[in-house]
Amino acid sequence: MRQPELGKRLTELRQQKSLTQEELVEACNVSVRTIQRIESGEVTPRTSTIKILLSALDADFENFKNQLESNKSDKYLGNTENWLQVAWISGIAYFVLGFLDAILEYERFENLYEVESTAFYITTKVFYFTFYSLFIYGFVKLGDYFSNYLIKIASFLMIGLFAIWTFFDIFTIYYEMSETNLISLGAGESICYGALTIVFGLGLIRLQDGMGQLAKTAGIIEIIAGFFFAVVILFFLGYMMLIPATIIEIILLFKGLEFIKSERLKA
């Protein structure tokens with residue numbers, strides 16, 4: 001039993017009995033300072049202390065424990081459910097906005113890295129990064145639920161890399177760089193992104209035990225895309241592979257949402 005849920009529940013029980021902390025002290029001989037610290041969540045008491053307090057409050061220890069764990073599970077599943085809801089919707093927005101981003105990058109390349117509308121370009125980049133981050137964070141929540149630490153780590157690293165990537169794109173609007181430096185940095189980004197995509201793909205494959213064959217399929221496509229990015233000269237093929245991968249991953253997040261909903265109903 002963990003804090004602060006434990007302290008909140010003990011406080012509720014005491015108040016239901018219309019007892020002050022001082023009156024509870026008289027009933028169980030636990031110091032008022034200890035009770036104050038337990039109820040405020042400052043300390044986690046021993047099981048023996050909890051049993052003494054519950055006995056004074058005429059509450060059964062096992063029922064109290066089961067109810068506490070049930071409330072915790074419900075809150076956890078509810079939080080995961082909310083994030084997955086945001087994630088799959090953000091995935092659709094990210095997927096659609098990706099085509100606009102590709103057009104802007106192509107036009108910028110054709111104009112020697114000049115942009116026609118700085119405000120529009122930056123706004124698009126910021127929204128693109130935001131939707132991507134929310135989309136990928138959905139896999140952090142799935143990884144947390146299924147104890148898949150590989151995909152959690154890979155997801156956080158991909159969000160971080162995408163943030164650097166976005167900053168770099170905006171930075172080069174105001175500070176000109178030589179073509180050689182741009183090519184070198186672009187190659188470095190492609191290699192790093194390729195390596196992380198492969199790790200992310202491996203994490204997706206590990207999700208197949210909980211999410212089925214769909215997770216394995218998405219993982220294999222991500223690994224292939226990561227290989228193309230890592231080779232650099234084949235990065236365009238990597239982008240092409242990300243199209244079906246993203247579609248499958250959006251479906252996977254939606255499927256995960258439905259699974260969590262069913263688990264919450266059982267809890």
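In this structure, does T172 turn out to be assigned by TED's automatic domain parsing to the domain that holds K255 and within 15 Å of D101 (Cα to Cα)?
no
Give the number of residues within region 164-179 that are over 33 Å from the mean Cα position of the chain (by Cα) and either part of a loop (DSSP other than H, G, I, E, B) or more than 15 Å from F109 (Cβ to Cβ) (or both). I'd like the intermediate steps shown before the answer.
Applying the first criterion (over 33 Å from the mean Cα position of the chain (by Cα)) to region 164-179 yields 175-179.
Cutting the leftovers down to either part of a loop (DSSP other than H, G, I, E, B) or more than 15 Å from F109 (Cβ to Cβ) (or both) gives us 175-178.
Total satisfying the criteria: 4.
Considering only region 62-82, state which residues are modelled with pLDDT of 80 or more and either surrounded by 15 or more Cβ atoms within 10 Å (Cβ to Cβ) or part of a loop (DSSP other than H, G, I, E, B) (or both).
Within region 62-82, T80, E81 qualify.
Can you go through F254, F229, F236, F259 and tell me which one is among the aromatic types (F, W, Y) and buried (at least 20 other Cβ atoms within 10 Å of the Cβ)?
F229
Tell me which residues, restricted to region 213-233, are closer than 23 Å to D144 by Cβ and touching a residue at least 40 places away in the same chain (Cβ under 8 Å).
Scanning region 213-233 gives a single hit, L214.
Criterion first (crowded, with 18+ Cβ neighbours inside 10 Å and modelled with pLDDT under 95) does L150 satisfy it?
no
Count, please, the residues in region 83-124 that happen to be part of a helix (DSSP H, G or I) and either closer than 19 Å to I250 by Cα or touching a helix residue (DSSP H, G or I) at 6+ places or on another chain (Cβ under 7 Å) (or both).
Number satisfying all stated conditions: 24.
Quick one: which residue in K152, K216 is assigned by TED's automatic domain parsing to the domain that holds E249 and either under 16 Å from the mean Cα position of the chain (by Cα) or part of a loop (DSSP other than H, G, I, E, B) (or both)?
Sole residue among the options that is assigned by TED's automatic domain parsing to the domain that holds E249 and either under 16 Å from the mean Cα position of the chain (by Cα) or part of a loop (DSSP other than H, G, I, E, B) (or both): K152.
Which one of F236, F167 is farther than 27 Å from V86 by Cβ, modelled with pLDDT of 85 or more and assigned by TED's automatic domain parsing to the domain that holds I89? Before the answer, list the steps.
Details: F167 fails: farther than 27 Å from V86 by Cβ.
Exactly one residue qualifies, and that residue is F236.
Quick check: is even one residue across region 153-162 more than 20 Å from L202 (Cα to Cα) and in contact (Cβ under 8 Å) with a residue 12 or more places away in the chain?
no
Scan (1) among the aliphatic types (A, V, I, L, M); (2) closer than 24 Å to I92 by Cβ; (3) free of Cβ contacts under 8 Å to residues at least 40 places away in the same chain for the single condition A195 breaks and write down its number.
If we test A195 against (1) among the aliphatic types (A, V, I, L, M); (2) closer than 24 Å to I92 by Cβ; (3) free of Cβ contacts under 8 Å to residues at least 40 places away in the same chain, just (2) comes out false.
Look at T197 and say whether it is out of contact with any Leu (no Cβ under 7 Å at 6 or more places or on another chain) and among the polar types (S, T, N, Q).
Spelling it out, T197 is indeed out of contact with any Leu (no Cβ under 7 Å at 6 or more places or on another chain) and among the polar types (S, T, N, Q).
Given the conditions (1) surrounded by 15 or more Cβ atoms within 10 Å (Cβ to Cβ); (2) at pLDDT below 85, which single one is not true for A195?
Tallying (1) surrounded by 15 or more Cβ atoms within 10 Å (Cβ to Cβ); (2) at pLDDT below 85, A195 fails exactly one: (2).
The values are calculated or read from the model by the stated rules, or taken from the named source; none is laboratory data. This is a predicted model, so every value here is computed, not measured. Here the Cβ is made from the backbone with ideal geometry for all residues, glycine too, and neighbour counts use every protein chain on show.
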